[in-house]
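Below: one structure, written as structure tokens.
The values are calculated or read from the model by the stated rules, or taken from the named source; none is laboratory data. Everything numeric here is computed off the predicted structure, so don't read it as measured data. Backbone-built Cβ (ideal geometry, glycine too); neighbour counts: all protein chains shown. Keep in mind that these areas ignore ligands, DNA and RNA; they rest on the heavy atoms of the full protein, side chains included. Shrake-Rupley method; radii C 1.70, N 1.55, O 1.52, S 1.80 Å.
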Amino acid sequence: MGEIIKEPDREEPAGFWHKTSIRYTIFIYFTVSALVAVLLIGAAMYMQMSRQLTAAVQEENQAVLGQVSRSVDSYLRTIRKLSDSLYYGVIKNADLSRESVNSQITLLYDNNKDSVANIALLGKEGEILEAVPAARLKTGLDVTKEQWFHNTLERPDNLHFTTPHVQYIFDNNENQYRWVITLTRAVEITRGTSTDQGILLIDIRYGSLQQILDNITLGNGGYLYMIAGNGQIIYHPKMQLIGTGQMEENVEEAAGYRDGSYEEVFGGERRQVSVKSVGYTGWKLISVTPEKGLSLSNLKTRLFAVFAVAAFLFLLVLINAFISSRITTPIQELEKSVNAIEAGQMDAPVYLGGSYEIRHLGRSIRDMAARIQGLMEDMVAEHENKRKREFDTLQSQINPHFLYNTLDIIVWMIENEQKQEAVEVVTALARFFRISLSRGKSIITVRDELEHARNYLMIQQMRFKNKFTYVIDAGEDVMEFASLKLMLQPLVENAIYHGMEFMDGDGKIGVTVRREGEDLRFEVSDNGLGMTKDQVDSLLGEKPHVSSKRGSGIGVKNVNERIRLYFGREYGLSIWSEPDEGTRVEIRLPALDSGEPAGVQGTWEKERL
């Protein structure tokens, strides 16, 4: 484990606040707050001024609503002019059977792309005739079944606006969601001598409309929102809270009210509400001011008293801000340090300022993070060493009986003057052990892993005097993918020693490799004796593996554990077997190039480094 370097303590200069405890600091804070409360309660003018403030707020809200309504109406008129230009200036004058209007639509789109996301011309059957910049409809989407499509064709004289929604009609090849308001209108399409109905669709960027409304602020705790004619909310400053059900809005009463102001009680709170319609859209702007904000203002009376109270309040605010900052700033800084450690940055510097208790807590957190980092590094190093020892042990368990029997076969072939067959066995044996070593690497190519299995099968086929045949089927497209070394050999070994142990001949072993999407699938099958369900469960169960007297010692369970260790818990072995029906073992790996470590578990990346 490397040396842990600690950051120097970032303590503030010694002073009064560093010698006091947080308890004493909070005591001072609440004392000052109590004095402020007493002074505010003593202000007898509070109730006298509340009515005048209510009237002023109503007047101000009406003025703000009028201004916002004009801004929104001007914005929508711009969109309407764009719609008229597209229809009367481009679509209506074009014969779509002979010419394309894409360039003209593109020009208008480029001039308005800050507020427009998509422009499309749809046929009566829902097909795209022109679209900028979208190229095609979403796969499987039939726009003729959408409500806005029917409404537009049934009322061709109207402009139709939807409420804000995520753009779902066009495939823009983008990995992001666009919030839009869709404007549709029926248009007349000319093709040669015939005309037909179509739909002009304009996706208005919701952000451009939201920007207009976000810049509007109402005093006294008030806010502004906008709804459609059916009462559905188009804009609200707390849209996320409403969408998740954490907040509700009284849109039913506002939707049924004409322009003007009224009072209501909603959620146990009395509120002042003003309503203003927006142009021809049927949308309504609503301002809401809670009753608790309609207090403390009568600037036209008792002016001197108000200024005096304001100056005193300003002084108290400064004192309160200073005191609260002295308490909260160290805690906030310490919280940032804890968040960094929680995010995995164990060596992040820990803030050591504030009162004695906070500084002591910061030092404790810093020391704890250092100890945790040390323990984690020890665990990783211990795990890596254990893994390497296990793999070294597994790879050294190639049974000496296999080598002895193979050499015995070679001697027998030479004595019987089967020199060519002896050369083939020696060559296969050399390749078998060359790939087994692989310069200490555990990740090799599929080509090498299949070659390793092929050499093993060829040697065993000669040893058992053609008691079985084998087929290896793999396309060239999978040969350079990554594979775990010594993965197939234990499986074909089981197929030979256990699947065909009591067979008189006609044994068949198949090894196939194929790619399925992002996965690589190996399959080892045989027509041997098969296994019961209990035997299959024991192969991958929790019981310790007992190697066969004639096997390599690298059991099926160990192969499965190695695959999961290198590539993740979602990969590994699956076994299907029936008595007297044979056995099929499938290996699932990620389809990763043997030369690229990206996307592989950290074990493989460290192996390559």
Within the stretch 51-114: Cβ-based charge dipole about Cα centre, in debye rounded to nearest 20 (Lys, Arg +1; Asp, Glu -1)
100
Note, ³J(HN,Hα) from phi for the stretch 62-74, Karplus 6.51, -1.76, 1.60, rounded to Hz, x at Gly and Pro:
4, 5, 5, 4, x, 5, 5, 4, 5, 5, 5, 5, 5
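With the full set of protein chains in place, find how many percent of the accessible area of the stretch 83-194 is carbon and sulfur; take the probe as 1.4 Å.
Working: 2570 of 5980 Å².
About 43 percent, which is the carbon plus sulfur part of the accessible surface.
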Average accessible area per residue (Å²) across the stretch 179-226 - probe 1.4 Å, nucleic acids and ligands excluded
39
Residue by residue through the stretch 516-532, which ³J(HN,Hα) values in whole Hz follow from phi under the Karplus form 6.51 cos²θ - 1.76 cosθ + 1.60 (θ = phi - 60°), with glycine and proline marked x?
10, x, 8, 10, 10, 10, 9, 9, 10, 10, 8, 9, x, 6, x, 9, 7
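When the chain is fully extended, how far beyond the present Cα-Cα distance does residue 88 get from residue 375, taking 0.36 nm per residue of separation?
Numbers: separation 287, 0.36 × 287 = 103.32 nm, distance 7.38 nm.
Here the answer is 95.9 nm.
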May I ask you to evaluate 6.51 cos²θ - 1.76 cosθ + 1.60, the Karplus curve with θ = phi - 60°, for each residue of the stretch 178-195 and list the ³J(HN,Hα) values in order in whole Hz, giving x for glycine and proline?
10, 8, 9, 10, 8, 9, 10, 8, 6, 10, 9, 9, 9, 10, x, 9, 10, 10
How high is the relative contact order of the stretch 210-293, in percent, with contacts defined as C-alpha pairs under 8 Å that are six or more residues apart?
31
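Based on Cβ point charges of +1 for Lys and Arg and -1 for Asp and Glu, what charge dipole magnitude is obtained for the stretch 437-490 about its Cα centre, in debye rounded to the nearest 20? Provide the component values of the computation, followed by the final result.
Values: 8 positive and 7 negative charges, 96 e Å.
For this selection, approximately 460 debye.
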Nonlocal amide H pairs with residue 92, under 5 Å, H built at 1.01 Å:
none
Using the structure shown, list the pairs from 386/467; 113/238; 467/533 with a Cα-Cα distance above 30 Å, or answer none.
386/467
Solvent-accessible area of residue 244 with every protein chain in place, 1.4 Å probe, in Å² to the nearest 10:
90
Quick one: which residues, 5 or more positions from residue 519 or on another chain, have an amide H under 5 Å from its amide H? H modelled 1.01 Å from N in the peptide plane, none for Pro or chain starts.
591
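Which loop GluC sites (Glu not before Pro) in the stretch 111-170, with loop taken from DSSP, have no more than 16 other Cβ atoms within 10 angstrom of their Cβ? Intermediate results must be reported in sequence, preceding the final value.
Working: sites: 125, 127, 130, 146, 154; in loops: 125, 127, 146.
Answer by residue number: 125, 127.
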